[in-house]
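Colleague: This is the structure I have questions about; it appears just below.
The values are calculated or read from the model by the stated rules, or taken from the named source; none is laboratory data. Keep in mind the model is a prediction, meaning the values are calculated, not measured. Note: ideal-geometry Cβ built from the backbone for every residue, glycine included; neighbour counts use all protein chains shown. To get the accessible areas, we keep the full protein, side chains included, count just its heavy atoms, and leave off ligands, DNA and RNA. Shrake-Rupley method; radii C 1.70, N 1.55, O 1.52, S 1.80 Å.
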Amino acid sequence: MAAPYSHRTDDWWRSAVIYQVYPRSFADGDGDGTGDLAGVRARLPHLAELGVDALWFTPWYLSPLVDGGYDVADYRTIDPAFGTLAEAEKLIAEARGHGIRVIVDIVPNHVSDQHAWFRAALAAGPGSPERELFHFRPGRGENGELPPNNWPSQFSGRTWTRVGDGEWYLHLFAPEQPDLNWAHPAVRREHEDVLRFWFERGVAGVRIDSAALLAKDPALADFVEGVDPHPYIDQDELHDIYRSWRAIADAYRAVFVGEVWLPDSERFARYLRPDELHTAFNFTFLACPWDPDRLRRAIDDTLAEHAPVGAPATWVLCNHDVTRTVTRYGREDTGFDFATKTFGTPTDLALGTRRARAAALLTLALPGSVYVYQGEELGLPEAEIPLDRIQDPMYFRSGGTDPGRDGCRVPLPWTADAPHAGFGAGADPWLPQPEGWTHYAADRQRLDPSSMLALYREALRLRRSEPGFGDGPLHWLPAGDGVLAFTRAEGLICVVNLSPQPVELPGHRTLLLGSGPLGTDGRLPRDTAVWLRA
Ligand code: NOJ
């Protein structure tokens with residue numbers, strides 16, 4: 001069964017294309033309306049054909065799914081809605097048979113309120129050792145009726161919830177996601193053990209959820225705007241935790257990708273020192289508007305911040321938390337910001353799709369690794385979910401003003417003529433598929449050389465066969481206003497035209513791939529990208 005992986009070196013992660021699977025919405029193998037591991041196993045040929053190097057699975061562990069699985073009740077059990085541990089092991093082995101590695105998602109900042117530790121802490125009461133694994137505190141105010149501090153939540157709403165005996169517990173996210181106390185040695189030991197558990201099962205890497213939030217100011221002092229350090233973001237203690245994680249990963253030749261949202265590039269790069277995390281998501285690029293100067297600055301800043309620590313950059317256009325790319329690029333504000341998401345934003349999907357195609361060639365030509373979120377290869381738009389079907393806690397905690405993140409989590413369309421667009425043959429999908437979803441079905445796109453799927457497949461094929469792509473140097477070429485043009489090794493050139501006018505291409509021998517056709521005069525139209533060989 002074990003075939004060679006596509007990148008045979010230990011450094012595969014420096015240049016990999018990593019496909020993000022949101023198992024709940026990928027493919028429903030058992031017909032209950034929820035995606036599962038059987039569905040993923042059946043679709044491995046699609047992923048192999050697409051040409052990805054690795055799969056990152058968002059949490060598949062036992063969970064009440066209050067926050068889509070980021071509320072983990074047991075790290076060593078697969079949620080029965082998704083399958084079994086034996087199936088996960090099979091999936092890892094079968095993926096390997098296709099030359100594809102598997103990355104799992106670890107959520108160290110918090111657990112589910114159904115996790116055995118939290119249930120024991122609730123039962124044991126104030127002052128118990130069980131409560132020390134979390135942040136339990138008496139409240140402020142005369143009768144302890146006020147939360148222990150003023151910390152802002154990562155979702156809207158409060159960060160503290162009071163339990164029956166009067167104590168409060170901290171949760172940076174939903175109340176069903178109590179924060180662990182990372183100053184406690186048992187918390188560290190448990191997570192190191194969980195890492196080993198999954199590395200033993202052959203996973204090649206771990207994505208670390210909320211990686212910069214684990215350590216808290218021991219005094220739990222109030223947050224004061226503009227005062228550093230922040231009481232729970234980017235505390236220095238984190239680096240010691242990740243150093244010990246790195247030693248474990250090294251023993252298995254496994255790698256980390258951290259979810260590190262930090263505006264300060266020097267602070268961000270500290271997580272990527274050679275004895276800490278291998279990589280971290282590039283949220284600066286993800287949030288960047290479709291604007292030539294801003295994109296160029298984001299690329300330059302990214303490369304400059306990674307260079308001193310020798311870590312490769314990552315390039316991400318979307319994931320399960322943010323507005324889908326074709327929709328974002330089709331709006332007036334083409335950047336991403338959680339705070340500005342609203343219902344009913346006008347969107348030009350044709351424009352957004354054109355730009356998303358160009359952005360795909362841009363990101364896949366940049367030095368480092370690239371993340372592709374399931375459905376991005378199909379050009380899926382963000383869906384507006386009927387209010388009575390929304391499940392995301394972000395919507396509820398905002399009092400219904402934030403549309404939440406379900407719009408990018410709609411079950412995938414596989415087969416145009418099958419029930420539920422081929423997502424599953426039985427019950428209705430857990431989130432409704434919008435009208436016209438079949439238009440995006442993978443089977444249709446497979447037959448259409450001008451489809452988004454065809455573009456991704458060809459781009460990934462070329463990226464694999466051209467050693468100049470992936471990690472390595474990038475040099476900007478002189479180009480007119482609004483045009484991004486750069487060379488990679490082996491004479492590869494990428495040009496993206498974000499100006500309103502068509503532009504001349506630089507001198508080249510071969511046109512390898514375009515995100516759209518050139519004009520009849522051979523010039524590159526607006527919002528179009530090409531790969532050339534000099
Ligand atoms: C980041 C995850 O990507 C998101 O989906 C989740 O809600 C939060 N972390 C909390 O775990």
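Colleague: Considering only region 148-186, state which residues are in contact (Cβ under 8 Å) with a residue 60 or more places away in the chain and over 19 Å from Pro64 (Cα atoms).
Modeller: Correct list: Pro148, Asn149, Asn150, Trp151, Pro152, Ser153, Ser156, Gly157, Trp182.
Colleague: Still on this structure, please answer the following. Mind checking whether some residue in region 41-59 is more than 30 Å from Leu462 (Cα to Cα) and either assigned to a loop (DSSP other than H, G, I, E, B) or not acidic (Asp, Glu) (or both)?
Modeller: Scanning region 41-59 turns up at least one residue that is more than 30 Å from Leu462 (Cα to Cα) and either assigned to a loop (DSSP other than H, G, I, E, B) or not acidic (Asp, Glu) (or both).
Colleague: Of all residues in region 374-393 being of a type outside the set (D, E, K, R) and buried (at least 23 other Cβ atoms within 10 Å of the Cβ), which is nearest to the ligand (Cβ to nearest atom)?
Modeller: Pro393
Colleague: Can I ask one more? For region 62-85, state whether one or more residues are of a type outside the set (D, E, K, R), in the same structural domain as Pro312 (by TED's automatic domain parsing), part of a helix (DSSP H, G or I) and open to solvent by 30 Å² or more (accessible area, probe 1.4 Å).
Modeller: Checking region 62-85: at least one residue is of a type outside the set (D, E, K, R), in the same structural domain as Pro312 (by TED's automatic domain parsing), part of a helix (DSSP H, G or I) and open to solvent by 30 Å² or more (accessible area, probe 1.4 Å).
Colleague: Kindly indicate the residue of region 43-61 that is touching a helix residue (DSSP H, G or I) at 6+ places or on another chain (Cβ under 9 Å) and surrounded by fewer than 23 Cβ atoms within 10 Å (Cβ to Cβ) and also farthest from Trp13 (Cα to Cα) among those meeting that condition.
Modeller: Only one residue fits best here, namely Arg43.
Colleague: Please tell me if Ala459 is out of contact with any helix residue (DSSP H, G or I) (no Cβ under 9 Å at 6 or more places or on another chain) and not in a loop (DSSP other than H, G, I, E, B).
Modeller: Taking the combined requirement at face value, the residue does not satisfy it.
Colleague: Could you tell me how many of the residues in region 504-534 are open to solvent by less than 30 Å² (accessible area, probe 1.4 Å) and not in a loop (DSSP other than H, G, I, E, B)?
Modeller: Final tally of qualifying residues: 8.
Colleague: Next up: Taking region 345-373, which residues are open to solvent by 10 Å² or more (accessible area, probe 1.4 Å), away from the ligand (no atom under 16 Å from the Cβ) and out of contact with any helix residue (DSSP H, G or I) (no Cβ under 7 Å at 6 or more places or on another chain)?
Modeller: The answer is Thr345, Pro346, Asp348, Ala350, Leu351, Arg354, Arg355.
Colleague: Pairs, please: C-beta under 8 Å, at least 6 apart or cross-chain, first residue acidic (Asp, Glu) and in region 312-337, second open to solvent by 10 Å² or more (accessible area, probe 1.4 Å) and within 16 Å of the ligand (Cβ to nearest atom)?
Modeller: Pairs that qualify, where the first residue is acidic (Asp, Glu) and the partner is open to solvent by 10 Å² or more (accessible area, probe 1.4 Å) and within 16 Å of the ligand (Cβ to nearest atom), are Asp321/Arg405; Asp337/Ala287.
Colleague: Which one is nearest to Gly68 (Cα to Cα) among residues in region 438-456 that are open to solvent by less than 40 Å² (accessible area, probe 1.4 Å) and either free of Cβ contacts under 8 Å to residues at least 40 places away in the same chain or not in a helix (DSSP H, G or I) (or both)?
Modeller: Ala441
Colleague: Given the residues Asp236, Asp193, which is the only one that is without any contact (Cβ under 8 Å) to a residue 60 or more places away in the chain and not in a loop (DSSP other than H, G, I, E, B)?
Modeller: Asp193
Colleague: Then there's this: With respect to Phe136, determine if the residue is within 16 Å of the ligand (Cβ to nearest atom), crowded, with 16+ Cβ neighbours inside 10 Å and farther than 22 Å from Ala212 by Cβ.
Modeller: In short, no.
Colleague: A further question follows. When you go through Arg243, Arg207 one by one, which is the residue that is within 22 Å of the chain's Cα centre (by Cα) and either within 22 Å of Pro185 (Cα to Cα) or among the charged types (D, E, K, R) (or both)?
Modeller: Just one listed residue meets the conditions, Arg207.
Colleague: While we're on this one: Taking the stated definitions as given, is Leu37 under 22 Å from Gln433 (Cβ atoms), in contact (Cβ under 8 Å) with a residue 60 or more places away in the chain and either of a type in the set (A, V, I, L, M, F, W, C) or outside the structural domain of Glu200 (by TED's automatic domain parsing) (or both)?
Modeller: no
Colleague: Next question. Would you check if there is a residue in region 205-226 being modelled with pLDDT under 95, open to solvent by 30 Å² or more (accessible area, probe 1.4 Å) and more than 12 Å from Val104 (Cβ to Cβ)?
Modeller: yes
Colleague: Another question, then. Name the residues in region 91-114 that are within 14 Å of the ligand (Cβ to nearest atom) and either of a type in the set (S, T, N, Q) or open to solvent by less than 10 Å² (accessible area, probe 1.4 Å) (or both), would you?
Modeller: Ile103, Val104, Asp105, Ile106, Val107, Pro108, Asn109, His110, Val111, Ser112
Colleague: Pull up region 154-189, narrow it to residues that are within 13 Å of the ligand (Cβ to nearest atom) and under 20 Å from Gly127 (Cβ atoms), then point me to the one that is surrounded by the most Cβ atoms within 10 Å (Cβ to Cβ).
Modeller: Among those that are within 13 Å of the ligand (Cβ to nearest atom) and under 20 Å from Gly127 (Cβ atoms), it is Pro178.
Colleague: Looking at region 480-534 only, could you name the residues that are within 29 Å of Ser15 (Cβ to Cβ) and of a type in the set (Ser, Thr, Tyr)?
Modeller: Residues satisfying the conditions are Thr487, Thr510, Ser515, Thr528.
Colleague: Hey, another quick one. Across region 394-428, what is the number of residues that are touching a residue at least 24 places away in the same chain (Cβ under 8 Å) and either under 22 Å from the mean Cα position of the chain (by Cα) or within 16 Å of the ligand (Cβ to nearest atom) (or both)?
Modeller: Of the residues in region 394-428, 16 are touching a residue at least 24 places away in the same chain (Cβ under 8 Å) and either under 22 Å from the mean Cα position of the chain (by Cα) or within 16 Å of the ligand (Cβ to nearest atom) (or both).
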